[in-house]
Structure formats: C-alpha cells, structure tokens
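First comes the structure, then the notes that go with it.
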Amino acid sequence: MRVFALVKRIFRQMFRDKRTLALLFVAPLLILTLMYFLFNGSSVEPKLGVMGVDKQLISVLKKADIQVKQYEKVNADTVVDDDLDGLLEQENGRIKLTLQNSDPSAAKGLQMKVSQAVAAQGQAKLIQQNPAAAGMIQQSIKIDYVYGNADTVFFDVLSPVLVGFFVFFFVFIISGIGLLRERTTGTLERLMSTPIRRWEIVTAYLVGYGIFAVIQTMIVVFYSINVLDIVLVGSIGNVLLINLILALVALSLGILLSTFAASEFQMIQFIPIAVIPQIFFAGIFPIEGMADWLQAIAKVIPMYYAGDALKGVMYKGLDLSEISGDLFALLIFAVIFIILNIFALKKYRKQ
C-alpha cells in the first residue's frame, strides 16, 4: 500500500507539471520530425561552370545531374562570385577543374562525376577513331581548390560550427541556471524591492555573467586552435569577436528563458526546444536542400548566422567586412532578447 501511495503521488506530481509531460511526450516527436525533414531533404545538384568545353562533354555532364553554366570568360573570383561548386576549363586539350570545396564531401562527389564524364567522353572519341583501343583512355584532370586542399575533410568545415555551438550551449546553461538560482533563493525579489530599475538589473546580470562568458569563449577558441589544431585561415581576432557576440546572444536568451522556469530541471527542459535545433541549422546540413519552410526557420536561428560567420573566417579566410551581415544579425538577436528580458521582469515589479 505504501508503494502504491508513492506511485500515486508521483502520478499526481507529473500531471500537475504540464511542462514535464510536454518534454517527455511532445519534445521527442518534434525533434524526430525535424530530423526526418532534415535527412530527407532533396539533394542539390552541383553547379558547374564550364569554359572552352565541347558540347559533347557538356551533354555528358548534364546527364550526370550537374547544373552546367557556360562562360566565355572567367577570372580567379568567378567560382566564389557566382557561388559555383566548380569550374571546368579546357584549353589545348588540357582540362582543369577548380573546386570551391566549401563542402569537401560535395566537392569530392563533383570531382568524381566530372572525372567519369571526361573519361566517358574520351572513351567514346577513342572508340570512334580506333575501336580496338577501347578501355585504354585515361585523361588526367588538373585539380585546384579555392578553399582547403585535396586533404581537406568534412571535419575541417564542421569544427568551426562546433566551436560556436559549445560556446552557445554552455553560456546558455550557466546564465539561465545562475539567474534562476537568484530567483529561487529570493535574491532577485529583494533586489526588485530596491529603487534599482529593471534595465539596470538586466545590464548588471549581462555584464556579470558576460565576463565569465568572455573568459570561457577565449579558453574554448584558443584551446581549439592551438591544442586541437583546428583549421584557421582567417584572423583569430575575428573568431573571438564572433564567439563573443554569440555568447551575448546565448547569455541574454538563457536569462530570458530562466524567468519562465521554476527550477533547474525546468530550465533544462528548454534545451530540446531552444538549443538542439540550433545545431541542425548551423550549416552542418546543407540548407539549400531543405524544404522552403525549413529554410525560413533557419533564418531566425542565431547559430545559422554564427556558423556561417565562423566557417567564413576559420575555413575560408574571410575578413570582417565579408561577414558583417552575419554579425549584424547576431547583434539584432541579442538586442531583441535583452529588450524582452526587461519586459519579462515586469512580473516582479512594474518599474
């Protein structure tokens, strides 16, 4: 009977806590649904620019599900400016393939398709000229890379995103639980009984926890680059700047969500909704292959912009002006969350 009484009490407690029930039954379904759409997104056909390539080879390339764009003149920036996956040039019988290599897996796939197409075309020509020589053709292709090199692997692109995500995750947790502890111990209520204004409280918490966020960010960045030897082509100063702005976003979001939690357990419940989707839209999965509504969701996810900026600096070597749009978007997120924090404190005091 005593066991039954305890089980009954647990059931009553669970049914009173609607947020826990939602975490238990609804959150897994949401995450699974999101992953279903992510992993079942349509594949994106690679975009290949061609110059001086004969029509027969172009026809073979198109049959290999490659988007072909013909050029009369190209320069060193054509691949990046036109967002091509590769550029195939043929001159005096020599073939050169320049791969953007922003996604090493996709680049290797395109290289394989182009090599097969070139080999197939050469084989067809040789058979026409000398049927007995079939199977002997093996035309070489010179491969150049805009980003990285032949030894670049997917982790070189993934690692900048992981650096940003870990900064975001741990700052979010520490700041959220820290302010929650202030509330549960009554410190926040005592503060609100003083003449201090709401914006001053928000600013103080942002600065206080922000100092620790800065230290944590610097440790993560320097450890990743100097100890783990994660790829860094651009400026480490720009990497620090991106992560510091991202930490500000995570800090303000963590403080905001903590106002809606009554315990540390309830704060943890926000992770499946507020944190896990961040990694899905940070650039690990190709955004272009997602459904239109998923691409729209990605545009309102802070890690979407942080991941793009970090990959741009650490892997592509972009400078500050080239990632300014991503930084501006992150600052907008931070400002919105800070303003919402000020309004959220209204539940404790009206001024």
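The values are calculated or read from the model by the stated rules, or taken from the named source; none is laboratory data. These numbers come from a predicted model, not from an experiment. Virtual Cβ from ideal backbone geometry, glycine too; neighbours counted across all protein chains shown. Heads up: the accessible areas ignore ligands, DNA and RNA and are worked out on the full protein's heavy atoms, side chains in. Shrake-Rupley method; radii C 1.70, N 1.55, O 1.52, S 1.80 Å.
Tabulated data
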| item | result |
| --- | --- |
| Other-chain or far-sequence residues with amide H under 5 Å of Ile95's (modelled H) | Lys142 |
| Pairwise label distance in nanometres, Glu264 with Val80, each label 7 Å out on the Cα-Cβ vector | 4.7 |
| Loop trypsin sites (Lys or Arg not before Pro), the stretch 45-104 (other Cβ atoms within 10 Å of the site Cβ: 11 or fewer; DSSP) | Lys73 |
| Interatomic Cα distance distribution for the stretch 267-334, bins of 5 angstrom, percent | 3, 17, 24, 24, 20, 9, 3, 1 |
| 18 Å tail of the calculated P(r), the stretch 232-351, as % of Cα pairs | 58 |
| The stretch 47-63-the stretch 257-277 distance, computed between alpha-carbon centres (Å) | 52 |
| Per residue accessible area of the stretch 33-116, 1.4 Å probe, in Å² | 59 |
| Surrounding net charge for Lys142, when Lys and Arg each add one and Asp and Glu each subtract one, Cβ distance under 14 Å | -1 |
